[in-house]
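The structure under discussion appears below in the form of structure tokens.
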Amino acid sequence: MLSAPKIINALFNSLADRQKEVIVGRFGLKSGEGETLAAIGDTMGITRERVRQIEKSALGLLNKEVLKNSVCVHILNQSKKQLKNAGGVMRQDVLLQYGADFAEGLNKNYLALLLEASGAFYFYPEDENYHPFYYLTKDDLRTAVGFIDGWADNLKSNKNKVLSGDYKTLLTNFIKTEKANKNHAENYLNITKKIGANPYGDVGLRDWAEINPTTTRDRIYLVLRKTGQPLHFQSIAKVINETSFGSQEALAPTVHNELIKDERFVLVGRGMYGLREHGYEPGVAREVIQKVLKKNGPLHPNDVVQHVNKQRFFKPNTVIINLQNKDYFERLSDGRYRVRES
């Protein structure tokens, strides 16, 4: 198999020692990390402007060497073929995996040098919204970014459906609407950081707290939402620490403090908390009983207990004792109770 390091070293035969030293430093061919003009200038005892001039002249020479070197042309053509099949864009690590099949030792630094010298295709460096990736043309770049932005807007408009498990269905419909190639669409989404997944496998926008919970409060919410039932605050802390949320440990006292401060969480029993959106209502036993009776009308004591325990974890005796408070509840002749009218 072709060896990328040997190929690059052969290209250097056309360079002067200073030119080779600058290129090796700038593209990180030895250290793995590219050096700045200033850093190289300090090492060589020359100005950064002089380093820039040497780099420019060296790349001019390498351009001619690369374009007449059949092996270099083969590497670039094979890379372009992969990009074209993928829709014109491909994440850096993915393309380099393919590159290993036709050039042993081909890494991002060697490929960066070949691209800079040839202009065969382009590189997009990593930023807040994108992983590092390669693209064939500016039109390919615009198409990919346009698809990603459109899908992100679609997700924003359908957040509840997405979080309910409809991500794949929505994506399939969006691809059809956009008349996009399915494989190309998947490749577009592979380059962006805007889409993420939580430890439970839910996919959505990275800036959603349900997908990327960065605070203890958001992690509590996600745990209770996925569990679907109330948990003791110590159990919540344990689940957070057992789930891949990050390296920061969740302490039970901290979790308890967050539960108290957020109205999304309802104390449903001693140390037990549930989500308001799951139907749990805040308030003392009397207030919960009042809400149950106002909603359902007069009920027998056992029925009141069953309804109350759908919202709060009270002992049956606690409910019965509260029903006997004549200031708030009235017992009817058939044994049912209703809220006493003020």
Answer from I289, I260 - the residue that is in the same structural domain as F314 (by TED's automatic domain parsing) and either over 28 Å from the mean Cα position of the chain (by Cα) or farther than 27 Å from G196 by Cβ (or both): I289
Lone qualifier among D262, D207 - being of a type outside the set (F, W, Y) and either out of contact with any helix residue (DSSP H, G or I) (no Cβ under 9 Å at 6 or more places or on another chain) or buried (at least 20 other Cβ atoms within 10 Å of the Cβ) (or both): D207
Residue check for L163: hydrophobic (A, V, I, L, M, F, W, C), touching a residue at least 40 places away in the same chain (Cβ under 8 Å) and not assigned by TED's automatic domain parsing to the domain that holds S70: yes
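With the structure loaded, tell me whether V89 is in contact (Cβ under 8 Å) with a residue 24 or more places away in the chain, farther than 15 Å from F133 by Cα and not charged (D, E, K, R) or whether it fails that test.
Numbers: in contact (Cβ under 8 Å) with a residue 24 or more places away in the chain: yes; farther than 15 Å from F133 by Cα: no; not charged (D, E, K, R): yes.
Criteria not met by V89.
Tell me, which helices (runs of 4 or more DSSP H) lie completely within segment 1-50 with 3 or more residues that are free of Cβ contacts under 8 Å to residues at least 24 places away in the same chain and buried (at least 18 other Cβ atoms within 10 Å of the Cβ)?
On the way: elements: 4-11, 17-26, 37-44.
Fully inside segment 1-50 and qualifying: 37-44.
Wholly within segment 120-220, which strands (runs of 3 or more DSSP E) include no fewer than the required count, namely at least 3 residues that are touching a strand residue (DSSP E or B) at 6+ places or on another chain (Cβ under 9 Å) and more than 30 Å from F27 (Cβ to Cβ)?
Values: elements: 122-124, 133-135, 195-197, 203-205.
Strands (runs of 3 or more DSSP E) meeting the threshold: 195-197, 203-205.
Please find, within segment 221-244, the residue that is surrounded by the most Cβ atoms within 10 Å (Cβ to Cβ) out of those that are assigned to a helix (DSSP H, G or I) and of a type in the set (G, A, S).
Of all residues in segment 221-244, those assigned to a helix (DSSP H, G or I) come to 221-227, 233-242.
If we keep only those that are of a type in the set (G, A, S) as well, we get 235, 237.
Numbers: S235: 17, A237: 23.
Per the stated criteria, the residue is A237.
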Qualifying position, being assigned to a helix (DSSP H, G or I) and in contact with a Cys (Cβ under 8 Å, 6 or more places away or on another chain), among L61, L114, L76: L114
V268 being surrounded by 18 or more Cβ atoms within 10 Å (Cβ to Cβ) and assigned by TED's automatic domain parsing to the domain that holds L323: no
Residue count, segment 61-83 (criterion: within 41 Å of the chain's Cα centre (by Cα) and either surrounded by 14 or more Cβ atoms within 10 Å (Cβ to Cβ) or more than 25 Å from D101 (Cα to Cα) (or both)): 15
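With the requirement that a residue be exposed (fewer than 14 other Cβ atoms within 10 Å of the Cβ) and within 13 Å of E287 (Cα to Cα), what does segment 313-326 give you? Write out each step before concluding.
Just the residues of segment 313-326 that are exposed (fewer than 14 other Cβ atoms within 10 Å of the Cβ), to begin with: 315, 317, 321, 324-326.
Residue satisfying the conditions is N325 alone.
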Of the criteria (1) in a helix (DSSP H, G or I); (2) within 25 Å of R336 (Cα to Cα), which one K310 fails: (1)
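Would you call T216 among the β-branched types (V, I, T), crowded, with 20+ Cβ neighbours inside 10 Å, modelled with pLDDT of 90 or more and within 19 Å of the chain's Cα centre (by Cα)?
On the way: among the β-branched types (V, I, T): yes; crowded, with 20+ Cβ neighbours inside 10 Å: yes; modelled with pLDDT of 90 or more: yes; within 19 Å of the chain's Cα centre (by Cα): yes.
Answer is yes for this residue.
Against the condition of a type in the set (S, T, N, Q), assigned to a helix (DSSP H, G or I) and within 22 Å of N198 (Cβ to Cβ), how does N109 come out, does it pass? Explain how you work it out, then say what you get.
Working: of a type in the set (S, T, N, Q): yes; assigned to a helix (DSSP H, G or I): yes; within 22 Å of N198 (Cβ to Cβ): no.
For N109, the condition - of a type in the set (S, T, N, Q), assigned to a helix (DSSP H, G or I) and within 22 Å of N198 (Cβ to Cβ) - is not met.
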Output for segment 17-68, where each listed residue is in contact with a helix residue (DSSP H, G or I) (Cβ under 7 Å, 6 or more places away or on another chain) and of a type in the set (S, T, N, Q): Q19, T47, S57, N63
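Within segment 137-152, does at least one residue satisfy the condition of being in contact with a Leu (Cβ under 6 Å, 6 or more places away or on another chain) and either surrounded by 18 or more Cβ atoms within 10 Å (Cβ to Cβ) or under 28 Å from V22 (Cα atoms) (or both)?
Restricting attention to segment 137-152, the residues satisfying the condition of being in contact with a Leu (Cβ under 6 Å, 6 or more places away or on another chain) are none.
No.
The values are calculated or read from the model by the stated rules, or taken from the named source; none is laboratory data. For clarity, every value in this text was computed on a predicted model and none was experimentally measured. Positions of Cβ are backbone-derived with ideal geometry, glycine not excepted, and every protein chain shown enters the neighbour counts.
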